[in-house]
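Here is the structure we will look at, set down as structure tokens.
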Amino acid sequence: MANPCRKLLFNIYMGFYCSTIMPKMCICSQLSMSSTDPFNKDPGAFPVATNGEPFPWNKLRLPTMVIPLHYDLLVHPNLTSLDFVGSEKIEVLVRDATQYIILHSKDLEVMNVILQSEEDLRYRKPGKKLNVLSYPAHQQIALLVPEKLMADLRYSVAINFQAKLANSFEGFYKSTYRTRGGKTRIVAVTDFEPTEARMAFPCFDEPLFKANFSIKIRRESGHIALSNMPKVKTIELEGGLLEDHFETTVKMSTYLVAYIVCDFNSVSGTTSSGVKVSVYATPDKWSQTHYALEASLKLLDFYENYFDINYPLPKLDLIAIPDFESGAMENWGLITYRETSLLFDTKTSSASDQLWVTKVIAHELAHQWFGNLVTMEWWNDIWLNEGFATYMELISVNATYPELQSDDAFLDVCFAVIKKDSLNSSRPISNQAETPTQIAEMFDAVSYNKGACILNMLKDFLNEEKFHKGIIHYLKRFSYGNAKNDDLWSSLSNSCLGDFTSGEFCYSDSKMTSNTLAFLGENVEVKEMMTTWTQQKGIPLVVVTREGRSLRLQQERFLSGVFKEDPEWRALQERYLWHIPLTYCTSSSNVIRSHVLKSRTDTLELSENSSWVKFNVDSNGYYVVHYEGRGWDQLITQLNQNHTLLRPKDRVGLIHDAFQLVSAGRLTLDKALDLTRYLQHEASIPALLKGLEYLELFYHMMDRKNVSDVTENLKHYILRYFKPVIDTQSWSDKGSVWDRMLRSTILKLACYLNHAPCIQKATELFSQWMESSGKLNIPSDVLNIVYSVGAQTTVGWNYLLEQYGLSMSGAEKKKILYALSTSKHQEKLMKLIELGMEGEVIKTQELSPLLYVIARNPKGQQLSWNFLRENWTHLLKKFDLGSYAMRMIISGTTSHFSSKDELQEVKLFFESLKAQGLHLDIFQIILETISKNIKWLEKNLPTLRTWLLVNS
Ligand code: BES
Ligand code: ZN
């Protein structure tokens, strides 16, 4: 999910972190509400159903006259004919009398609909057959009732339907895998969020329509069926088919329903509170499930304690699906994962793989409360799900796996979104979303990363205990219901406004005390503050100017790529104002002070003289800081004299902010580079990695541009400067997780830069590995490097491709595919893309990360860009325009460009798409990113050249 996208492309399912710049849009013109849609021209008019009759509902959102209470759902997937038939009985409550029921349904053939009133049911009357109208543009069907349904009565709607198992990654779809013995097996699996439950059964497919589900699945005896709840019984049908009946679910939204028919194996354990946890994978990968079981047991125990609410279901299954578009999906009681997000292979999974798997499990388990138990009212606030789950990764992994030191990785969660949020094309956290396309676009870095970062900032502001109690309050108050932003803010400020709950934080009216009033005041403060972060796009820049002991503070909107001297800068600043909870410390005191900056300018007095002041302690705040005058020099001097007087996360933050300020034209590149020179004494790995990351980024930028003098000098600088670190690395899996991640990163860079000892060692290991017919165990942290060096010869490349087909480890395959894509031979890169298009040897799910990495290979950038344009229609057959994969492909093959000609080409391409009615918000983000790259180079290439001459 780009490489703020947490570094290793194949490591993550980049879908998510990267996707964030990639909105979704439906390619089907019916869905995109094109201007040719008559409905759009006159929103008051009724649309026309497929049979030519008027469709009685003209809005995308369902009416609320009828609400679902309970679904009885029976599904029979046929894994031979690759289709499914289903029947359901939906019990509904009529709130206002109506003559029709509107439901969601997409690509389903609805065969028969019968309505029964309570009376019909009581007297076993057959019910009435209803006419069904279909309006595919809104993915809706209308059930027309002959006589008005009466308010406050319940009815039962029985529907029969059928469809093909989808050939994609959504709805009820087909996944396949090959056994070690070479046989192909089929799996039928669901993936519904946000709006695809309607592809599996007609339903009220909106998060607010919570209901209970009783699910039955038919299957053959060689398969198992899984669903949200435990199985209660299996009955044998005529002809030997089996029908599994699952317990009725708790009240939940449709997007969380799940069922799977497969032939997987599992491992199980029980939590302290008695929940049965099982991890499923294909039989050949069963041995890779144990780490996930251990982690999920620990994490489930942790969450039950932390939230003070038990996980409400008797069981939780986690299952690795061979074809999965994103990283994972939190279906209640049956969480689905991409194989590399769940499985851990002791031989081939690296330290960062372990961190990734742990975080994905932590994320999806957090959703069992944030999202499943309490759901946002509507998709505009999806950050309440995703921001919280991302934030909870930090809290829970820190508590359960302190040795992973995952809080050090959290800074990158914020840095990744700052890059995007400082473009004008960003969006506010809460954003209107109506169409499926707009809804899908909400699953981006703004919802996930910025959401998590502002929560972390708020926790820092309120203090840990209060924040913790507040979220417990929020979860308890809205259990099995839905919430919006304001509900969260009032829970977090311990206010019981509106709705009184007894408990330790709330006071009834009769007990109105000054305490209560203080709480009310605080509620306003929290709400006012947080609204400035959720309703406005962008990130503030705090400019600090020091004169003696007084500090002048100024806030403005931080924009990268637009400089203060540019004519458009002023207009882009208008109306932006945040309530920024500032923290700072100084050279003379390590006490953390705080101040809320609510106005454009403000002043602060320091209590003692000090040689420097540093804002945003531990980088907990979501803002960039610029020190005017001598501010940066004073900090650089301190770093060089004794960097340990600044806290480790502050050092990472300083490196980050300095380079961001370069992009914004506020700091010169040589100043930022000078700041990194203290790194030769740095022992803290996150700071070291941050500095290295920027140097590496510049190297790749220069390499792709073919600026050979700068590339060469930069290479020598990096190798010379980091020589002590490179030389002390062992080719092993020893040390802490961060030691291991440093080893992977630095050796990868050293070999990439052709550092002779590195190449020699990697070549040696690769030959031994080949000679052992792939049996030799190479330390997992250097596997990527060994394979990449090996992939540079034709023999090695071919051997790796062969091993790719045979490997039973997703972690290993990911590393092999990465290595293959670093080849300098274009025909080899093309072959990989072709294999990815074919989907046999390289699965379609790998195509987007593959194209992303190939586009970053100097020999592959033109190739992948041409491929995108030439194969556009083929790609659209595989992925929805707005899908994760497609958004990653488009941005992956374009957003690193940095010349005017390239910008023009991309612009033309996007315009041609728009002319076909295909529009994505990401187009603007990409164009702005390329313009920013161009500007960066124009301004900074000469500086970089000179700096290297002086410093190499
Ligand atoms: N709820 C999402 C899955 C999802 C993503 C649904 C996009 C619809 C659209 C899930 O909880 C999630 O966030 N998955 C991430 C992995 C996670 C660890 C960041 C993903 O799939 O990338
Ligand atoms: Zn999530």
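Let me have the 222 nm mean residue ellipticity of the chain computed from DSSP H runs of 4+ only, each contributing -39500 (n - 2.57), with the sum over all residues rounded to the nearest 500. Could you put the intermediate results ahead of the total?
Values: 32 runs with 393 residues, N = 952.
Rounded to the nearest 500, the figure is -13000 deg cm²/dmol.
Taking only C-alpha pairs under 8 Å that are 6+ residues apart, what is the relative contact order of segment 640-794 in percent?
On the way: 112 pairs, mean separation 27.0, N = 155.
Rounded, it is 17 percent for segment 640-794.
Based on Cβ point charges of +1 for Lys and Arg and -1 for Asp and Glu, what charge dipole magnitude is obtained for the chain about its Cα centre, in debye rounded to the nearest 20? If you can, show how the numbers build up before the last one.
Working: 100 positive and 108 negative charges, 254 e Å.
Once rounded to the nearest 20, the dipole reads 1220 debye.
Using the alpha carbons of segment 391-472, what is the convex hull volume per residue in cubic angstrom, as a whole number?
Details: hull volume 10.2 nm³, N = 82.
Convex hull of Cα atoms, per residue: 124 Å³.
Past 23 Å, Cα to Cα, is the threshold; run Lys216/Lys843; Lys164/Lys843; Lys527/Lys598 against it and keep the listed order. Before the final figure, lay out the partial values.
Details: Lys216/Lys843 31 Å; Lys164/Lys843 21 Å; Lys527/Lys598 13 Å.
Cα-Cα > 23 Å for Lys216/Lys843; rest within.
Under a Cβ-Cβ cut-off of 13 Å, what is the net charge of the residues other than Ala389 that fall near it, where Lys and Arg count +1 and Asp and Glu count -1?
On the way: positive: Lys359; negative: Glu193, Glu330, Glu364, Glu386, Glu393.
With Lys, Arg at +1 and Asp, Glu at -1, the neighbours total -4.
What translational diffusion coefficient, to the nearest whole µm²/s, does segment 46-263 have by Stokes-Einstein, given a Kirkwood radius computed over alpha-carbon pairs, a temperature of 10 °C and 1.306 mPa s viscosity? Could you put the intermediate results ahead of the total?
On the way: Rh = 18.0 Å.
Translational D for this selection: 88 µm²/s.
Could you tell me which of the pairs Lys828/Lys935; Lys231/Lys775; Lys815/Lys878; Lys469/Lys932; Lys106/Lys815 are separated by over 31 angstrom between their Cα atoms in the structure shown?
Numbers: Lys828/Lys935 33 Å; Lys231/Lys775 41 Å; Lys815/Lys878 24 Å; Lys469/Lys932 43 Å; Lys106/Lys815 38 Å.
Beyond 31 Å: Lys828/Lys935; Lys231/Lys775; Lys469/Lys932; Lys106/Lys815.
Please report, in whole Å, how far the alpha carbons of segment 539-682 spread along each principal axis, starting with the longest.
42, 32, 25
Between segment 93-155 and segment 429-481, what is the C-alpha centre distance in whole Å?
36 Å
Within 10 Å, count the other beta carbons around each residue, average over each peptide in 815-826, 547-558, 296-307, and list them highest first. Walk me through the numbers before you get to the answer.
On the way: 815-826: 22.2, 547-558: 16.8, 296-307: 20.7.
Packing order, densest peptide first, comes out as 815-826, 296-307, 547-558.
Using +1 at the C-beta of Lys and Arg and -1 at the C-beta of Asp and Glu, which of Gln116, Met530, Ile159 has the Cα lying farthest in the positive direction of the dipole of the chain?
Going by the Cα projections, it comes out as Met530.
Cα convex hull of the chain: how many Å³ per residue?
On the way: hull volume 163.8 nm³, N = 952.
Cα-based convex hull of the chain, divided per residue, equals 172 Å³.
How would you order 711-721, 327-337 from highest to lowest mean count of nearby Cβ atoms within 10 Å?
Details: 711-721: 18.1, 327-337: 25.3.
So the peptides 711-721, 327-337, ranked by packing, come out 327-337, 711-721.
Structure shown: which of Lys210/Lys476; Lys649/Lys705; Lys420/Lys459 lie over 25 Å apart, alpha-carbon to alpha-carbon?
Working: Lys210/Lys476 17 Å; Lys649/Lys705 33 Å; Lys420/Lys459 23 Å.
The answer is Lys649/Lys705.
If the only charges are +1 at each Lys and Arg Cβ and -1 at each Asp and Glu Cβ, what is the size of the charge dipole of segment 711-765 around the Cα centre, to the nearest 20 debye?
On the way: 8 positive and 5 negative charges, 15 e Å.
Around 80 debye, computed over segment 711-765.
Could you rank the peptides 361-367, 458-464 by their average count of other C-beta atoms within 10 Å per residue, with the highest value first?
Numbers: 361-367: 27.0, 458-464: 17.4.
Ranking the peptides 361-367, 458-464 by packing returns 361-367, 458-464.
For segment 539-682, build the charge dipole from Cβ charges (+1 Lys, Arg; -1 Asp, Glu) around the Cα centre, then report which of Ser594, Asn640, Phe659 sits farthest towards its positive end.
Farthest towards the positive pole: Ser594.
State, as an integer percentage, the relative contact order of segment 539-682 based on alpha-carbon contacts under 8 Å between residues 6 or more apart.
Numbers: 229 pairs, mean separation 38.8, N = 144.
Over segment 539-682, the number comes to 27 percent.
Got the relative contact order for segment 46-263 handy, in percent, Cα pairs under 8 Å and 6 or more residues apart?
Details: 553 pairs, mean separation 47.8, N = 218.
Once divided by the residue count of segment 46-263, the mean separation gives 22 percent.
What share of Cα pairs, in percent, lie more than 28 angstrom apart in segment 796-933?
Details: 1715 of 9453 pairs.
Distances greater than 28 Å cover 18 percent of the Cα pairs.
Quick check for me: using +1 on Lys/Arg Cβ and -1 on Asp/Glu Cβ, what's the dipole size of segment 46-263 about its Cα centre, in debye to the nearest 20? Spell out each step's value before the answer.
Details: 26 positive and 26 negative charges, 52 e Å.
Charge dipole of segment 46-263: 240 debye, to the nearest 20.
Every number here is computed from the coordinates shown, using simple stated rules; none is lab data. Fair warning: this is a prediction, and the values are worked out from it, not measured in the lab. With ideal geometry, Cβ positions are generated from the backbone for all residues, glycine too; neighbour counts draw on all protein chains shown.
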